[in-house]
Amino acid sequence: MIKDTAAQVKANIEKVIVGKGEVIELALVALLCEGHILIEDVPGIGKTTLAKAIARSLGCTFRRIQFTPDLLPSDITGISFFNQKTQEFEFRPGPILTQILLADEINRATPRTQSALLEAMQERQITVDGETMPLPRPFLVLATQNPIELEGTFPLPEAQIDRFLLKIKLGYPSEDDENAILLRFEREDPLAALAPVVESQSLLTLQDEVRTIHVDEAVRQYIVQVARATRQNAALELGASPRATLALYKTAQALAAIRGRAFVIPDDVKYLAPAVLAHRLLISPQARLRGRNREQIVQEVVATVPVPVES
């Protein structure tokens, strides 16, 4: 059931997003795990379009926040104000009270405002004037940051980046895909005609089903060994946290379900490791000077861990 539903959603999103099947698959993994996505890429790649396509395919509410240095935490969560007509305080909800939230250029906001969003992501609730309100479900944050233009930005601390389930990049399309984009958007915007293929309530049922995907003891031990190997690698100053280990475990279950299996295999772990682990790691200055990046180091670490084989 999960495979069929995921295939429907993926095919629907691909009516708008061209040539990014792997990225869409990873986004579906995050949805099934109730996780959040950090997208680091240059402007104009299709980050906003991807977020809107996901929301429309699931029939979810969608809001977008453009992060700027003067943005306040209350601009995200909402405020209580005194209504002179009713002579009572009323709550005006902020844009975070939605199901799919695009946090555009999150690194342009101050650390205080970043923390307000990231706390809501972790706790799935907000507190305004001492009153706690749960966020709607499903709840997915797609946060973006521009890796090129860093002037006037406030980079996310490692502890906050660790709260993102996945970090992905869309990248430039191939020549054929870019030509297909021009043809697809020539006469009309396909996003405007995109209809839901799954009810958001059905997604909650699928999220519960994903947790039943079997993980053999040997595969579970393999996941732990991969995470622990990052903590012992000389090229890394900070290895994967236990939260990262749990994220790798949960995403492997989701990927197996999307691909039509009731069990996780080591290849699922190897495929997901760069997207799940790389952004959580801190490279040593020596490795950075040699031009190595986090994804390469994760792949090297995974290659050093013995893969469990069926006896």
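The values are calculated or read from the model by the stated rules, or taken from the named source; none is laboratory data. Just so you know, these numbers come straight off a predicted model, no measurement behind them. All Cβ positions, glycine included, derive from the backbone under ideal geometry; neighbour counts span all protein chains shown.
Quick notes on this structure:
- Restricting attention to segment 180-197 and to residues that are in contact (Cβ under 8 Å) with a residue 24 or more places away in the chain and in a helix (DSSP H, G or I), the residue that is farthest from residue 61 (Cα to Cα) turns out to be 180.
- None of 106, 79 is in the same structural domain as residue 30 (by TED's automatic domain parsing) and either closer than 26 Å to residue 54 by Cα or under 18 Å from the mean Cα position of the chain (by Cα) (or both) except 106.
- Within the set 230, 251, the sole residue that is in the same structural domain as residue 284 (by TED's automatic domain parsing), β-branched (Val, Ile, Thr) and under 18 Å from the mean Cα position of the chain (by Cα) turns out to be 251.
- Lone unmet requirement of (1) in contact with a strand residue (DSSP E or B) (Cβ under 7 Å, 6 or more places away or on another chain); (2) exposed (fewer than 15 other Cβ atoms within 10 Å of the Cβ); (3) outside any strand (DSSP E or B) for residue 155: (1)
- Residue within segment 82-97 that is in contact (Cβ under 8 Å) with a residue 60 or more places away in the chain, assigned by TED's automatic domain parsing to the domain that holds residue 43 and farther than 15 Å from residue 51 by Cα present: no
- Selection within segment 32-58 - in a strand (DSSP E or B) and either under 16 Å from residue 117 (Cβ atoms) or over 13 Å from the mean Cα position of the chain (by Cα) (or both): 37, 38, 39
- Residue in segment 62-72 that is farther than 20 Å from residue 177 by Cα, aliphatic (A, V, I, L, M) and touching a strand residue (DSSP E or B) at 6+ places or on another chain (Cβ under 6 Å) present: yes
- Listed by first and then second residue, the pairs linking a residue in segment 202-218 that is in the same structural domain as residue 247 (by TED's automatic domain parsing) and without any contact (Cβ under 8 Å) to a residue 12 or more places away in the chain to a residue that is among the basic types (Lys, Arg) and assigned to a helix (DSSP H, G or I), with Cβ atoms under 8 Å apart and 6 or more places separating them unless they lie on different chains, form an empty list.
- Yes/no for residue 106 being in contact with a strand residue (DSSP E or B) (Cβ under 7 Å, 6 or more places away or on another chain), over 26 Å from residue 272 (Cβ atoms) and crowded, with 20+ Cβ neighbours inside 10 Å: no
- Test: residue 112 is in contact (Cβ under 8 Å) with a residue 12 or more places away in the chain and over 21 Å from residue 41 (Cβ atoms): yes
- Verdict on residue 177 being farther than 25 Å from residue 307 by Cα, in a helix (DSSP H, G or I) and touching a Gly at 6+ places or on another chain (Cβ under 7 Å): yes
- Single residue of 78, 59 found to be touching a Gly at 6+ places or on another chain (Cβ under 6 Å), farther than 28 Å from residue 176 by Cβ and surrounded by fewer than 20 Cβ atoms within 10 Å (Cβ to Cβ): 78
- Test: residue in segment 276-298 that is under 21 Å from residue 34 (Cα atoms) and either in a loop (DSSP other than H, G, I, E, B) or touching an Asp or Glu at 6+ places or on another chain (Cβ under 6 Å) (or both): yes
- Pairing residues of segment 120-143 that are over 13 Å from residue 78 (Cβ atoms) with residues that are β-branched (Val, Ile, Thr) and at pLDDT 85 or above, at Cβ distances under 6 Å and at least 6 apart in sequence or on separate chains, gives 121/141; 140/100; 142/37; 143/106.
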